[in-house]
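The values are calculated or read from the model by the stated rules, or taken from the named source; none is laboratory data. Note that the structure is a prediction, hence the values are computed from the model and not measured. Quick reminder, even Gly has a Cβ in these numbers, built from the backbone with ideal geometry, and neighbours come from all protein chains shown. Ligands, DNA and RNA are stripped out before the accessible areas are found, and what is left, the full protein with its side chains, is counted by its heavy atoms. Shrake-Rupley method; radii C 1.70, N 1.55, O 1.52, S 1.80 Å.
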Amino acid sequence: MFHLRTCAAKLRPLTASQTVRTFSQNRPAAARTFGQVRGYTAPVAAEPFLSGTSSNYVEEMYYAWLENPKSVHKSWDIFFRNTNAGAPPGTAYQSPLPLSPGSLSTVARVQPLVEAQPNVDKLVEDHLAVQSLIRAYQIRGHHVAQLDPLGILDADLDSSVPADIISSTDKLGFYGLDESDLDKVFHLPTTTFIGGQESALPLREIIRRLEMAYCQHIGVEFMFINDLEQCQWIRQKFETPGIMQFTNEEKRTLLARLVRSTRFEDFLQRKWSSEKRFGLEGCEVLIPALKTIIDKSSENGVDYVIMGMPHRGRLNVLANVIRKELEQIFCQFDSKLEAADEGSGDVKYHLGMYHRRINRVTDRNITLSLVANPSHLEAADPVVMGKTKAEQFYCGDTEGKKVMSILLHGDAAFAGQGIVYETFHLSDLPSYTTHGTVHVVVNNQIGFTTDPRMARSSPYPTDVARVVNAPIFHVNADDPEAVMYVCKVAAEWRSTFHKDVVVDLVCYRRNGHNEMDEPMFTQPLMYKQIRKQKPVLQKYAELLVSQGVVNQPEYEEEISKYDKICEEAFTRSKDEKILHIKHWLDSPWPGFFTLDGQPRSMTCPPTGLTEDILTHIGNVASSVPVENFTIHGGLSRILKTRGELVKNRTVDWALAEYMAFGSLLKEGIHIRLSGQDVERGTFSHRHHVLHDQNVDKKTCIPMNHLWPNQAPYTVCNSSLSEYGVLGFELGFAMASPNALVLWEAQFGDFHNTAQCIIDQFICPGQAKWVRQNGIVLLLPHGMEGMGPEHSSARPERFLQMCNDDPDVLPNLEEANFDINQLYDCNWIVVNCSTPGNFFHVLRRQILLPFRKPLIIFTPKSLLRHPEARTSFDEMLSGTNFQRVIPEDGLAAQNPANVQRLLFCTGKVYYDLTRERKARGMAEQVAITRIEQLSPFPFDLLLQEVRKYPNAELAWCQEEHKNQGYYDYVKPRLRTTISRAKPVWYAGRDPAAAPATGNKKTHLTELQRLLDTAFDLDAFKNFS
């Protein structure tokens, strides 16, 4: 009974004293953009007897009446019955029946107001129904929002109206309500803000306000978010009556930005009508939208914004958001423009930009960087995230308050490209989070020529964002004020919660995929409507003129002013004869190069270290540098073995890596190692993160306990992603040359799911965009009988993409030949056979006066191979990376007696030396290891060939003939010796798969290649 009283007290229709306030109180000065806000005033009679302390007396009687209607006076019984039946409180009171015989007429008059006995269950049900109705609009109101500017397609691809959305009065029956309930007053739950200052509204007004909030030009998706505070925040932003207001000054600024956005595209169309430019027509509102996000973020303290976007609208963004000089853009259309920089360049709508300027709205400095991108849509997403993370890291912005990212997407790509999903899943990981990204989808409602109904299975292109609880704001792009409001809210969300948010600009594409394309072939009805569609600038200008915010002459003056700016820039652009790609650099490195972008020297200092440093790092690597920390017993044995190696002045693979990293940290170089399971290492050899066996999440990273003022070391297990994570690390490496950023594949062949990043960014990045990058790829590789999937890192692919000429012998007498080779190459490819050389190549990567990507094929079995050890002597001061490791055994002592010179790389060397020893052929066969495959060490190999004048030459590899290194090495070796001798092949036969899945077959193939390598008559029949 107590619960019944409580529910009834809370849910009963309100008394007049509580509802007498009219809706005119606290109303906003201006209506929402979508239309006039109707006031609602209930007809209420004055009821002074219910004010003040009398209300407590009435409440007590009400409780008593609920238990026993006969416990109160008949007049109160009638009052309570009428109130519960829905009568307004002012008319609920009726005079008690007179006792005279003529009272029958009075009874007839009163009776209609007094229904049956009070039905408390019905009262509760009605209020719960209203709460359900409110929730329905919050969840599904966006499905009926008016989002398509063309009015021909539903943004969610579904023309039906959800059954629980009140599109007509007959739908009230879904909630057990009917038209007679529309004027009943209901308590509003705490999960809505439609009441403003009022706690109760008539049902009619509740529905109207919900429609205004959720079913006009903004569709809000947020009810899947499982955080109440965040949901309430969004409700407050969109439900509060009159919240979406703009001052006249803000409207004029919006108009001016629309003028620039629209007239820029018009100008390009007039001047270069037959050129591809991937214009923004149909979504001109994107420019003021981006500027609004940047303005609001700048107001909230952000001073660096990193952006990524596809080609559509890119030139407009460069001109009107980044503020690239217009003449620099216009001259790109000149077919006679000559390229001045090294490399091959890229088309104008792929280039990036970096610019620091004053934000005119906030009067604060803001740095804007637009990252260059390929045509591969969405590929730049993780790159932008990585660069943003790096910039936050270097400025100590641990909460993302100073540096943020904005990503632009197309609707088809956002739904179709898996990298979007991978990037979202990095958004909240500790070592990858950028504390919120604002995503802006330019929703053309078409992909090239593909109808969205054929391009995605989800209702919206943005549904992928739901997996990370990112709110999604759909907005009709032909309502500029609605767009601006949504963008402000998005920026505020990111500033408040530091989580991702999506703005879906539902627009159209006025032209085809590009300006030369004919869209009527495939979308005739859509483009008939588009041809009739009035441009958004014209619509908005007419609206502001009608409101008296601007007059027609002012509007026309704004247009002519910007047209003049474009014409003057066009005139200046004719003086540009040379294209400087450096002017389009998205990630400059101040101070690293000379002023004209050249290396400060063309030498590399020795990469060795003093013995004291090696010993110190080794001792830390073999210990637990914190107290009260219990490690695993097996790990204790590993650390003990490391300690013994250090005492013996020897390193294995793990120690060599430790010493390279540790020494660079001492020199102030930040190191970041990322990838799947890198903390322990796929093969349980690294153990850079120690885990306490008794306390959950208690870890220790000994590498961060090496030196008092060392740089920080970041080692982080990634999500199970290659494409996204490699792109992220590439972006991180873009930010600064003074960091060693490494990505390790769990197995080398897994890099092929990140092939887009390798092919479009890492390999050609400098050639296309004059952008150096020192990222390191660690790719475990080796034929070890483990089957086709985890054997080959596909070295042939990396070598095929090297930019050196196999048929041209470079000038071997050139000073600093090896460094010049490195400077001219597009990337460095190595396959180290010793831990010491691995140590040196990692250190060289930072000590070089420039940056190149480094591809390292790392070993598996060699991690613990007893012969794969290096003495401290080969790592001391004055030592360097060895591009070639020559034969140093008996064969080298009597070179004239050597009958065969075998060239190889990597792990197969140990198979060859074991076989040579078993056959007793140490004097007849010399084995030379090529450690650096690209750039090819022509000079050192020429010395080796000349050293053994009587030896035939053979290349030996464990990979199949059509894979591995043979097709790369053979023509270069032939060029080295001026084609004086043949270069024979000893290895596996060609095959489709990288390796056999049968262990016995594997061993048979290995023995066959060893037999070929050491059979001195093997090639006589081919001579």
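If Arg844 satisfies every condition in (1) outside any strand (DSSP E or B); (2) open to solvent by less than 10 Å² (accessible area, probe 1.4 Å); (3) out of contact with any Asp or Glu (no Cβ under 9 Å at 6 or more places or on another chain) but one, which is the exception?
(2)
Of all residues in region 361-395, which are of a type in the set (Gly, Ala, Ser) and part of a strand (DSSP E or B)?
Ser369
Given the conditions (1) modelled with pLDDT of 95 or more; (2) open to solvent by 40 Å² or more (accessible area, probe 1.4 Å); (3) not aliphatic (A, V, I, L, M), report the number of the one that Asp334 does not fulfil.
(1)
When region 427-455 is examined, which residues are found to be at pLDDT 90 or above and either open to solvent by 40 Å² or more (accessible area, probe 1.4 Å) or polar (S, T, N, Q) (or both)?
Ser427, Asp428, Leu429, Pro430, Ser431, Thr433, Thr434, Thr437, Asn443, Asn444
For the subset of region 603-644 comprising residues that are assigned to a loop (DSSP other than H, G, I, E, B) and in contact with a Gly (Cβ under 9 Å, 6 or more places away or on another chain), which member is surrounded by the most Cβ atoms within 10 Å (Cβ to Cβ)?
Only one residue tops the list, namely Gly608.
Does region 281-294 include one or more residues that are in contact (Cβ under 8 Å) with a residue 24 or more places away in the chain, of a type in the set (Asp, Glu) and either within 29 Å of Arg572 (Cβ to Cβ) or buried (at least 24 other Cβ atoms within 10 Å of the Cβ) (or both)? Please lay out each step first, then the result.
Going through region 281-294, the residues in contact (Cβ under 8 Å) with a residue 24 or more places away in the chain turn out to be 281-294.
Checking which are of a type in the set (Asp, Glu) leaves us with 281, 284.
Subsequent filtering for residues that are either within 29 Å of Arg572 (Cβ to Cβ) or buried (at least 24 other Cβ atoms within 10 Å of the Cβ) (or both) retains 281, 284.
Checked region 281-294: at least one residue is in contact (Cβ under 8 Å) with a residue 24 or more places away in the chain, of a type in the set (Asp, Glu) and either within 29 Å of Arg572 (Cβ to Cβ) or buried (at least 24 other Cβ atoms within 10 Å of the Cβ) (or both).
Report, by residue number, each residue of region 945-980 that is over 20 Å from Ile819 (Cα atoms) and charged (D, E, K, R).
If the condition is that a residue be over 20 Å from Ile819 (Cα atoms) and charged (D, E, K, R), then Arg946, Lys947, Glu952, Glu958, Glu959, Lys961, Asp967, Lys970, Arg974, Arg979 are the ones that fit.
Looking at region 343-351, is at least one residue modelled with pLDDT of 85 or more, crowded, with 16+ Cβ neighbours inside 10 Å, part of a helix (DSSP H, G or I) and within 23 Å of the chain's Cα centre (by Cα)?
Within region 343-351, not a single residue is modelled with pLDDT of 85 or more, crowded, with 16+ Cβ neighbours inside 10 Å, part of a helix (DSSP H, G or I) and within 23 Å of the chain's Cα centre (by Cα).
Residues are listed down the side, and each one gets a yes or a no for (1) in contact with an Asp or Glu (Cβ under 9 Å, 6 or more places away or on another chain); (2) within 26 Å of Thr714 (Cα to Cα); (3) modelled with pLDDT of 95 or more:
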{"position": "Glu378", "(1), (2), (3)": "no, no, no"}
{"position": "Pro382", "(1), (2), (3)": "yes, yes, yes"}
{"position": "Met385", "(1), (2), (3)": "no, yes, yes"}
{"position": "Gln392", "(1), (2), (3)": "yes, yes, yes"}
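Considering Met516, Met520, which residue is without any contact (Cβ under 8 Å) to a residue 60 or more places away in the chain, open to solvent by 10 Å² or more (accessible area, probe 1.4 Å) and among the hydrophobic types (A, V, I, L, M, F, W, C)?
Working: Met516 fails: without any contact (Cβ under 8 Å) to a residue 60 or more places away in the chain.
Answer to the selection: Met520.
Scan region 401-426 for residues that are under 25 Å from Lys291 (Cα atoms), at pLDDT below 95 and not in a helix (DSSP H, G or I) and jot them down.
Correct list: Gly410 only.
Restricting to region 581-597, count the residues that are open to solvent by less than 70 Å² (accessible area, probe 1.4 Å) and either in a loop (DSSP other than H, G, I, E, B) or of a type in the set (Phe, Trp, Tyr) (or both).
Total meeting the criteria: 11.
Which residue, of Pro374, Pro382, is touching a His at 6+ places or on another chain (Cβ under 8 Å), touching a residue at least 60 places away in the same chain (Cβ under 8 Å) and not aliphatic (A, V, I, L, M)? It would help to see each step written out before you state the result.
Details: Pro382 fails: touching a His at 6+ places or on another chain (Cβ under 8 Å).
Exactly one of Pro374, Pro382 is touching a His at 6+ places or on another chain (Cβ under 8 Å), touching a residue at least 60 places away in the same chain (Cβ under 8 Å) and not aliphatic (A, V, I, L, M), namely Pro374.
Would a scan of region 945-959 turn up a residue that is of a type in the set (Gly, Ala, Ser) and touching a residue at least 40 places away in the same chain (Cβ under 8 Å)?
Yes, the conditions are met somewhere in region 945-959.
Quick grid of which residues meet (1) assigned to a helix (DSSP H, G or I); (2) of a type outside the set (S, T, N, Q); (3) over 30 Å from Leu210 (Cα atoms):
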| residue | (1), (2), (3) |
| --- | --- |
| Glu250 | yes, yes, no |
| Ser261 | yes, no, yes |
| Phe264 | yes, yes, yes |
| Ser274 | no, no, yes |
| Gly282 | no, yes, no |
| Pro288 | yes, yes, no |
| Gly301 | no, yes, yes |
| Val305 | no, yes, yes |
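Just for strands (runs of 3 or more DSSP E) wholly inside region 125-231: which have at least 2 residues that are β-branched (Val, Ile, Thr) and modelled with pLDDT of 95 or more?
Fully inside region 125-231 and qualifying: 218-221.
Looking at the structure I just gave you, is Lys917 surrounded by fewer than 18 Cβ atoms within 10 Å (Cβ to Cβ), in contact with a Phe, Trp or Tyr (Cβ under 9 Å, 6 or more places away or on another chain) and either free of Cβ contacts under 8 Å to residues at least 40 places away in the same chain or on the phi > 0 side of the Ramachandran plot (or both)?
no
Residue by residue, here is whether (1) farther than 26 Å from Tyr394 by Cα; (2) of a type in the set (Lys, Arg); (3) touching a Gly at 6+ places or on another chain (Cβ under 8 Å) holds:
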{"position": "Val725", "(1), (2), (3)": "no, no, yes"}
{"position": "Ala733", "(1), (2), (3)": "no, no, yes"}
{"position": "Ser736", "(1), (2), (3)": "no, no, no"}
{"position": "Glu744", "(1), (2), (3)": "no, no, yes"}
{"position": "Ile758", "(1), (2), (3)": "no, no, no"}
{"position": "Pro764", "(1), (2), (3)": "yes, no, no"}
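The conditions are (1) in contact (Cβ under 8 Å) with a residue 40 or more places away in the chain; (2) surrounded by fewer than 17 Cβ atoms within 10 Å (Cβ to Cβ); (3) of a type in the set (A, V, I, L, M), and Val220 fails exactly one of them. Which is it?
Of (1) in contact (Cβ under 8 Å) with a residue 40 or more places away in the chain; (2) surrounded by fewer than 17 Cβ atoms within 10 Å (Cβ to Cβ); (3) of a type in the set (A, V, I, L, M), only one is false for Val220: (2).
Could you check how many residues of region 544-575 are within 22 Å of Glu265 (Cβ to Cβ), in a loop (DSSP other than H, G, I, E, B) and open to solvent by 50 Å² or more (accessible area, probe 1.4 Å)?
Looking only at that region, the number is 1.
Quick one: what pairs do we get from region 778-799, first residue touching a residue at least 12 places away in the same chain (Cβ under 8 Å) and over 18 Å from Pro935 (Cα atoms), second assigned to a helix (DSSP H, G or I) and charged (D, E, K, R), C-beta under 7 Å, 6+ apart or different chains?
Listed by first residue and then by second, the contacts come to Gly785/Lys999; Glu789/Asp749; His790/Asp749; Ser792/Asp749; Ala793/Asp749.
Can you tell which of Leu973, Leu942, Leu1016, Leu1006 is open to solvent by less than 10 Å² (accessible area, probe 1.4 Å) and either at pLDDT 95 or above or not hydroxyl-bearing (Ser, Thr, Tyr) (or both)?
Leu973
Given the conditions (1) farther than 28 Å from Phe278 by Cα; (2) buried (at least 24 other Cβ atoms within 10 Å of the Cβ), which single one is not true for Gly386?
For Gly386, the failing item is (1).
Which one of Glu784, Glu874, Glu789 is charged (D, E, K, R) and farther than 18 Å from Glu958 by Cα?
Glu874
Taking region 651-681 as the search range and keeping residues that are open to solvent by 30 Å² or more (accessible area, probe 1.4 Å) and outside any helix (DSSP H, G or I), which one is farthest from Trp707 (Cα to Cα)?
The residue in question is Asp677.
Go through (1) open to solvent by less than 10 Å² (accessible area, probe 1.4 Å); (2) more than 23 Å from Leu290 (Cα to Cα); (3) under 31 Å from the mean Cα position of the chain (by Cα) for Asn226 and report which single condition fails.
(1)
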